[in-house]
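Undergrad: Below are the structure tokens for one structure; questions will follow.
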Amino acid sequence: MVLLRNAISVSQWRVIKLLGSGGFGDVYKVVKVNNPDKTVSRRTWITVANTPGYCILQESAMKTEMVLGNRLLLRLKIEVVVLMKCHEQTDPDRKAHFVDFVDRGKTPKFKFLVMGLVGPSLEDIRKKDLLKNYTKSTAMQCCIQTMTALRDLHGIGYLHRDIKPQNYAIGLGPKESTIYMLDFGIARKFTEGETKNVKLPRIKVHFLGTLRFASRACHKQLEQGRKDDLECWLYMCFDLFDDDKGLPWKRCERHEILEMKEQFFKLERMMRA
């Protein structure tokens, strides 16, 4: 864990506050400053075109990761690759649900990624702001936008492998109606090089993801594909409509969850028949 104090500078970035801390690193709110040794606030006095006045500094998010961390737990490199790839898209609609890639760098102790700042996650909005389920119309809009983001990620040849409400967030200000996909730490390229050819599956893979939303293939430690991201997304949709009863295995033990997911799809096939 890299714990940076408020007002400390990293390269050209001044840390404002800690936003969150997880198993793979920390996230901070930062602002860009020309002189890292100078004290700055969000409102800074500047002169533009010989006219002095206050300027609201652009805030960003900085994610950090220890240089000497466990190699199996290093996640920042893939995040950088995915975000850069997303924003290479020429169609603006195809990158609308991804935060801006702003900067990246390295110090003797840690690496960092600076990206666009977003608002609360879909999970935080429900748990901390609404204190209840989304309305059906809002849940439907969330499902549509999160699916669009997933389609666009698959379009550049990557799987997310951890689809859940915590990994989607709304924008800020005029973009608060846009949902952004976050956290590509366990993303994986499923195509060969620059082609559309799908990689051959590995025989066995470690469980990666979140138990409640993980696909059945993930439980079985099988290689995941686009269908598995879609399966996770489907579970998330049920959860968005009803946090308490949407997923019947929410409070079940690990060994019970896979069987309940298998039954979930058997029931769906029976209903179609």
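The values are calculated or read from the model by the stated rules, or taken from the named source; none is laboratory data. All values derive from a computational prediction rather than experimental measurement. Counting neighbours? That spans all protein chains shown, and the Cβs are built from the backbone with ideal geometry, glycine included.
Undergrad: Name the single residue, out of those in region 144-173 being surrounded by 17 or more Cβ atoms within 10 Å (Cβ to Cβ) and of a type in the set (Ser, Thr, Tyr), that is farthest from Phe238 (Cα to Cα).
TA: Tyr158
Undergrad: Now a separate question. Checking the conditions here, which among Glu123, Glu79, Glu176 is closer than 22 Å to Asp229 by Cβ, in contact with a Gly (Cβ under 7 Å, 6 or more places away or on another chain) and not hydrophobic (A, V, I, L, M, F, W, C)? Working first, answer last.
TA: On the way: Glu123 fails: in contact with a Gly (Cβ under 7 Å, 6 or more places away or on another chain); Glu176 fails: closer than 22 Å to Asp229 by Cβ.
Step by step, each of Glu123, Glu79, Glu176 is checked, and only Glu79 is closer than 22 Å to Asp229 by Cβ, in contact with a Gly (Cβ under 7 Å, 6 or more places away or on another chain) and not hydrophobic (A, V, I, L, M, F, W, C).
Matching residues to (1) touching a strand residue (DSSP E or B) at 6+ places or on another chain (Cβ under 7 Å); (2) among the aliphatic types (A, V, I, L, M):
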residue: Asp124; (1), (2): no, no
residue: Lys127; (1), (2): no, no
residue: Asn133; (1), (2): no, no
residue: Lys136; (1), (2): no, no
residue: Met140; (1), (2): no, yes
residue: Cys143; (1), (2): no, no
residue: Met147; (1), (2): no, yes
residue: Tyr158; (1), (2): yes, no
residue: Ile163; (1), (2): no, yes
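Undergrad: Ala187 - would you say it is in contact with a His (Cβ under 6 Å, 6 or more places away or on another chain) and at pLDDT 95 or above?
TA: yes
Undergrad: In region 97-134, what residues are assigned to a loop (DSSP other than H, G, I, E, B) and under 25 Å from Thr210 (Cβ atoms)?
TA: His97, Val99, Leu117, Val118, Gly119, Pro120, Leu131, Lys132, Asn133, Tyr134
Undergrad: Further, regarding this structure: Which condition does Gln141 not pass, out of (1) surrounded by fewer than 16 Cβ atoms within 10 Å (Cβ to Cβ); (2) under 12 Å from the mean Cα position of the chain (by Cα); (3) not charged (D, E, K, R), if it passes all the others?
TA: Every condition holds for Gln141 apart from (2).
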